[in-house]
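K.L.:
For reference, the structure I am asking about is given below.
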Amino acid sequence: MQTVKRIAAFFMIVPMVLQLTACGSKALQRPADQEWDLGGPSASDGVLGEESGGDLRYQDDYYAFVNEEILESIQLEATDAHWDWFGELSAVTDSEMEELIRQLAEDDTVCVKGSSEQKIKDLYGCVSDMDNRDATGLGPLKPHMDKIRQAESIEAYVDALASLSREFGFSSIVGGYSIMQDKADSSQYSVYMLYADTLIGKEYLEGEGTQEYVELYLGYIKDMLCEFGMGEEEARRSTDRIEGLMRDICGATLPLEQYYDPAKVYNVYTAEELQQLYTNVDVDRMLKTLQVDGQDRYIVMDVGQAEMVNSLLVEENLEALKDYSTFVMLNDVAEYGSRAFAKLSEDMENALYGITESWGDEKIWMKLTQDLLPWDFGMIYVVEHFSQEDKEDVEAMIDLILKEYETIIRRQAWMSEATKEKAIRKLETMNVKIGYPDRWPEECIRFQVTPVSEGGSLMSNLLESMKVEMDQDLDLLGTEVDREEWDIPPQTVNAYYDPVNNEIVFPAAILQAPFYDRENSDGANMGGIGYVIAHEVSHAFDSSGALYDEYGNYNVWWTEEEMEEYERLSQSIVDYYNGYEMMGTKVNGELTLGENIADLGAAMCIAQIIGDDKEALDEAFSQMAYNWASVDTASFMMYLLNTDTHAPNKVRVNAVLSSCDAFYDVYEIRESDGMYVAPQDRVGIWR
């Protein structure tokens, strides 16, 4: 299922091209008898004056020095690809939600119909009933799949895709769409025509060190088609056809880093112009089927890819196109399907990430239950875990950071006074969301679970939840944007900046140690949640966010000379990060540019707030480094290097601090030290 994320998340991995059934990293699950120090370095735990027992020095590798103990103590389980504090805290939250699921599943008491508890109980019953899942198969999706398979013309094929897209939101080649805020007028909603599903994705398909994964993926396609009912030879031929289309589509697809550039993805078309783009499709008929006809604008997100797709929509490719869409649908629903489909999907994901052992049925069932009812779990979570006192503390830190950014902006000699005032206006109007929404999403009421006892199944409930979402999206057309809505539930351990709303969002779950602890010193908290806040504020002025005004409209408000200087500074950041590598693979400075700008700006901001207090700076820098501790399998690191817009965590610490002047003042870094970067080579937009 393709979704388009319009937020600049702090660590959330948002691959916009790679389309596996589940793209998030699996968190390390702590053994029951093992405890981590969730507080991290406390107010007295900076690194000044510390000595390592070995050759490790903070002057040479600050990240490794700060995290030496925890990195040595963490051993990834066979079920895990990645560990970091985001995943660790998510695992704690998940375990609490899992205990709730167990209690509800084991309790014979009938909950109030339509309550979150009843929905969770009933949905878990559908998820865990594998016999029912096997018997259901594709269930309500099968007629749509049959319509695709039985299409005898391109017109019938496109009709089938459009029908599937309108009802459930599936997208494979053409006809996928999403209703989102218009980038040029963020007070209104527009129809965005989605790009094609690129399967394993351009980055893997064209990467030098990723071809073994491509071969694995092609084997996965064949196995899925065999499970669908094709014979071995038929599945092999279909896989070859799918590979041919995938390579054509990926070859014409924008590189991942360009999906964050509104100049590349915000392409306005009228219906007539869409017809000129898709000459092999009856566009008017397709838009009517999608129920989005009659709009004055449609946004095409990847014009080059759309042109390629159009060229492929010819009768001689019909069988290949049908095979392609068949696999995409199977891949999208596999983890919700039968034992066989779910196992194939899990095995492929695990192979991609370097995981060698399954989570096990119960863990997977509970994850799926949480995934389908995020807001119901969220309503329960905040009752137990949200502190008004913590919210007020964080709000005070946000005010402090916003004021410091105003100071930083005012001292930029390359910006005109008029542009500075516009930037400061953007800070003054920035919306702040902390904890959870004042009004819970309507889907909490609209989506009601049908239990197995009443004829429901996991597949039918999945499709119903997707249908509810599509209906809600269509209801948005013609209405004014409600800027108080939230995109992620409160139990999410993350934070983000949304450029089209000019807002920063901090769900309840991130307001905990090691990111925030009211018992920590001001320095440690400034290096923890303060750094997160400053990072998100920086996104308002990163390579993408800087192109939106204070109202969230895509509107280049810089002078031509300022843009040239901004681009020069950005290129120096790209070149700087290109010099770092992990596992012999260079960091992609262009892909990670926006996040690197935000990291560099955050370090500058918190250092300026703390000032000359070396003890507090030491606490802040060590807390920041500790919060970025992570361990990855080699396969998962390769996945991140190819698809993540963030640099690897070690680079996020060392590269940032090596470009932060205050770091040199605190630790007296010399030219002979590994962390040293000459002053003229230090980078950043906001210095």
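K.L.:
Restricting to region 197-241, and then to whatever is outside any helix (DSSP H, G or I), without any contact (Cβ under 8 Å) to a residue 40 or more places away in the chain and farther than 13 Å from residue 642 by Cβ, can you tell me which residue is most open to solvent (accessible area, probe 1.4 Å)?
P.N.:
It comes out as 229.
K.L.:
Looking only at residues in region 242-262 that are among the aliphatic types (A, V, I, L, M) and assigned to a helix (DSSP H, G or I), which one is farthest from residue 541 (Cα to Cα)?
P.N.:
Taking the candidates together, the pick is 242.
K.L.:
Which residue pairs have Cβ atoms closer than 9 Å, lie 6 or more positions apart in sequence or on different chains, and pair a first residue in region 542-563 that is closer than 19 Å to residue 683 by Cα with a second residue that is among the β-branched types (Val, Ile, Thr) and not in a loop (DSSP other than H, G, I, E, B)?
P.N.:
542/597; 543/573; 543/597; 545/597; 546/597; 562/419
K.L.:
Name the residues in region 325-376 that are more than 26 Å from residue 176 (Cα to Cα), among the aromatic types (Phe, Trp, Tyr) and more than 20 Å from the chain's Cα centre (by Cα), would you?
P.N.:
Listed by number, the residues that qualify are 359, 365.
K.L.:
Let me ask you something else. Any residue that is touching a Pro at 6+ places or on another chain (Cβ under 6 Å), in a helix (DSSP H, G or I), open to solvent by less than 20 Å² (accessible area, probe 1.4 Å) and not polar (S, T, N, Q) - is there at least one of those in region 607-615?
P.N.:
Taking every residue of region 607-615 in turn, none turns out to be touching a Pro at 6+ places or on another chain (Cβ under 6 Å), in a helix (DSSP H, G or I), open to solvent by less than 20 Å² (accessible area, probe 1.4 Å) and not polar (S, T, N, Q).
K.L.:
Just checking, which of 500, 468, 505 is in a loop (DSSP other than H, G, I, E, B) and either crowded, with 19+ Cβ neighbours inside 10 Å or not acidic (Asp, Glu) (or both)?
P.N.:
Testing whether each residue is in a loop (DSSP other than H, G, I, E, B) and either crowded, with 19+ Cβ neighbours inside 10 Å or not acidic (Asp, Glu) (or both) leaves just 500.
K.L.:
Sticking with this one: Listed residues 108, 129, 122; which is closer than 30 Å to residue 327 by Cα, more than 26 Å from the chain's Cα centre (by Cα) and open to solvent by 30 Å² or more (accessible area, probe 1.4 Å)?
P.N.:
The unique qualifying residue is 129.
K.L.:
Moving on to the next point. Taking the condition of being basic (Lys, Arg), in contact with a helix residue (DSSP H, G or I) (Cβ under 8 Å, 6 or more places away or on another chain) and either at pLDDT below 95 or open to solvent by 20 Å² or more (accessible area, probe 1.4 Å) (or both), how many residues in region 634-687 meet it?
P.N.:
Result for region 634-687: 3.
K.L.:
Could you list, in sequence order, the residues of region 610-631 that are more than 18 Å from the chain's Cα centre (by Cα) and either more than 19 Å from residue 653 (Cβ to Cβ) or not hydrophobic (A, V, I, L, M, F, W, C) (or both)?
P.N.:
611, 612, 613, 614, 615, 618, 619, 622, 623, 626, 627
K.L.:
Please work out if residue 263 is in contact (Cβ under 8 Å) with a residue 12 or more places away in the chain, open to solvent by 10 Å² or more (accessible area, probe 1.4 Å) and in contact with a helix residue (DSSP H, G or I) (Cβ under 8 Å, 6 or more places away or on another chain).
P.N.:
yes
K.L.:
Here is a further query. If I filter region 379-417 down to residues being of a type in the set (Gly, Ala, Ser) and without any contact (Cβ under 8 Å) to a residue 60 or more places away in the chain, which single residue comes out as nearest to residue 437 (Cα to Cα)?
P.N.:
396
The values are calculated or read from the model by the stated rules, or taken from the named source; none is laboratory data. Keep in mind that what you see is a predicted model, and the values were worked out from it rather than measured. Note: ideal-geometry Cβ built from the backbone for every residue, glycine included; neighbour counts use all protein chains shown. These area figures cover heavy atoms from the full protein model, side chains too; ligands, DNA and RNA do not enter into them. Shrake-Rupley method; radii C 1.70, N 1.55, O 1.52, S 1.80 Å.
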